[in-house]
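Let me begin by presenting the structure, written as structure tokens, before commenting on it.
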Amino acid sequence: MLNSKQRAGLRKHANSIETIMQIGKGGINENLTKSISDALEAREMVKLRVLENSDYSAREAAENVALATNAQVIQVIGTRFVIYRQNKSPEKRKYVI
């Protein structure tokens, strides 16, 4: 579990990363969860967007994705959210928390 200072530090880095995935009318399924998990393994932090035709709000989608991928929600702003999962190997970690 991240404390507020750690979350604030990660939010600073989240401003510069691009949105790489979108959640639409298909919702959060197994394939999307697998893709997000793979992206978290490679990048540690991922920014996603919830489209208007989705059944989820950004907060609901963030919580569901974080639970499914064993990650933590860093921030939710509008229709975008950022999740983080620390890499298991110390030499591959990009963000020091």
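Quick notes
- Rounded to the nearest whole Hz, the Karplus-based 3J(HN,Hα) values (6.51 cos²θ - 1.76 cosθ + 1.60, θ = phi - 60°) of the range 77-82 follow the sequence 9, x, 9, 10, 8, 10, with x at glycine and proline.
- Degrees between helix 4-14 axis and first principal axis of the chain (Cα, 0 to 90, nearest 10): 70 degrees
- Crossing angle, helix 30-43 versus the chain [Cα axis fit, 0-90 degrees, rounded to tens]: 20 degrees
- Listed peptides 11-22, 26-37, 64-75 by packing density, highest first (mean Cβ within 10 Å): 64-75, 26-37, 11-22
- Candidate lysines - alpha carbon under 25 Å from Lys5, same-chain residues fewer than 8 apart omitted: Lys47, Lys88, Lys92, Lys94
- When every Cα-Cα distance of the chain is counted in 5 angstrom steps from zero, the calculated P(r) takes the values 2, 14, 26, 27, 18, 8, 3, 1 percent.
Read-outs: derived from the displayed coordinates by stated rules, not from any lab. This one's a predicted model, so the numbers in the text were calculated from it and none came from an experiment. Positions of Cβ are generated from backbone atoms using ideal geometry, with glycine treated the same way; all protein chains shown enter the neighbour counts.
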